[in-house]
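The values are calculated or read from the model by the stated rules, or taken from the named source; none is laboratory data. From a predicted model like this one, the values you see are computed outputs, not experimental measurements. So basically every Cβ, Gly included, is an ideal-geometry build from the backbone, and we count neighbours across all protein chains shown. The accessibility values were calculated without ligands, DNA or RNA, using every heavy atom of the protein model including side chains. Shrake-Rupley method; radii C 1.70, N 1.55, O 1.52, S 1.80 Å.
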Amino acid sequence: MRTIDEVALGQAAGLRFRSEYDYATFEYLRSAKVLQALERAGVAAHGRVLDAGCGGGGTALSLAEESAFAVGLDLEARFRGSGTRLAGEKRIVNAAFVQGDAARLPFRGAIFDLVFSHSVIEHVASAEDYLRECFRVLRPAGVLYLSTAPTLSLAGAHLPRLLLPVPLHLLVGRRAAFATFRWLARRAPWTLQEPKEANTFIALAEEGREKQDDVLQSVTVRRLRDWIQGSGFRVVREDRHVTGFFRRVLPAPLRRRLEATPFAQDVMIGHIQCVLQKP
């Protein structure tokens, strides 16, 4: 999936939480941007690829189109009715899906050329175990592409957004903010920016269920650096992207100074991507 179709991607983004298939379709369309990010980072999808936390499976299928074989793994078998259906529609035969724990990967060592990890490390029970397993299954000189966001940032918080742009999780803390969003989803969904098709809080509330917090790791720039240093990987490249809001409102000298401050950088940086190599 190489062509970026912004119109189709925007439509898919608005419907992505309607079903697992819709989310897999969104992932597949978004993967053109992911592949471009890989290329800019000097990484080519080739050989055997593992999507270690594949969700609905759309990205794994795009990786299969660029490589010899791709495996999508997820703790929950979300791909069963989505990734497998999409693979049939796209006639992708060099891909497989596996249900399993990324902290205990069901593969022998040194069999993958590339491990892909997009917005996964914040959801695993142990970041150290996750990286250790990614290291184990990679061949020597194999690459782990890892992307995430600090939990204090709007992107990394994985929370809805209020119509009134208030960073609630920064004002009252994550636990209270999460509880507030669950209450608003049940009682006042009109206060949230995203409709139910793009907001799992509302969708689950309408089904009589409550959203559970699946962000298990508090990611910070410093903590991510420590995890990587302890994993055995060599850092080939690291890119940090400040969100557009801070780029617009802060003068460049002040922004650069704040980016070097631990708390401020964790609020301002909305995306971190790392290219890590196994020696």
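Of the strands (runs of 3 or more DSSP E) lying entirely inside region 28-114, none contains at least 3 residues that are at pLDDT below 95 and of a type in the set (Lys, Arg). Within region 259-273, the residues that satisfy the criterion of being more than 27 Å from residue 134 (Cβ to Cβ) and open to solvent by less than 50 Å² (accessible area, probe 1.4 Å) are 264, 267, 268. Screening region 132-144 for residues that are assigned to a helix (DSSP H, G or I) and open to solvent by 60 Å² or more (accessible area, probe 1.4 Å) and picking the one that is nearest to residue 227 (Cα to Cα) gives 132. In region 187-209, the residues that are open to solvent by 70 Å² or more (accessible area, probe 1.4 Å) never reach a residue that is polar (S, T, N, Q) and in a loop (DSSP other than H, G, I, E, B) with C-beta atoms less than 8 angstrom apart, at least six apart or across chains. Test residue 129 against the criterion of being open to solvent by 20 Å² or more (accessible area, probe 1.4 Å), in a strand (DSSP E or B) and either out of contact with any strand residue (DSSP E or B) (no Cβ under 9 Å at 6 or more places or on another chain) or not aliphatic (A, V, I, L, M) (or both), and give yes or no. Spelling it out, it is not the case that residue 129 is open to solvent by 20 Å² or more (accessible area, probe 1.4 Å), in a strand (DSSP E or B) and either out of contact with any strand residue (DSSP E or B) (no Cβ under 9 Å at 6 or more places or on another chain) or not aliphatic (A, V, I, L, M) (or both). Considering only residues in region 154-166 that are in contact (Cβ under 8 Å) with a residue 40 or more places away in the chain and out of contact with any helix residue (DSSP H, G or I) (no Cβ under 6 Å at 6 or more places or on another chain), the one that is most open to solvent (accessible area, probe 1.4 Å) turns out to be 154. Taking the listed residues 276, 224, the one that is in contact with a strand residue (DSSP E or B) (Cβ under 8 Å, 6 or more places away or on another chain), under 26 Å from residue 132 (Cα atoms) and in a helix (DSSP H, G or I) is 224, with no other qualifying.
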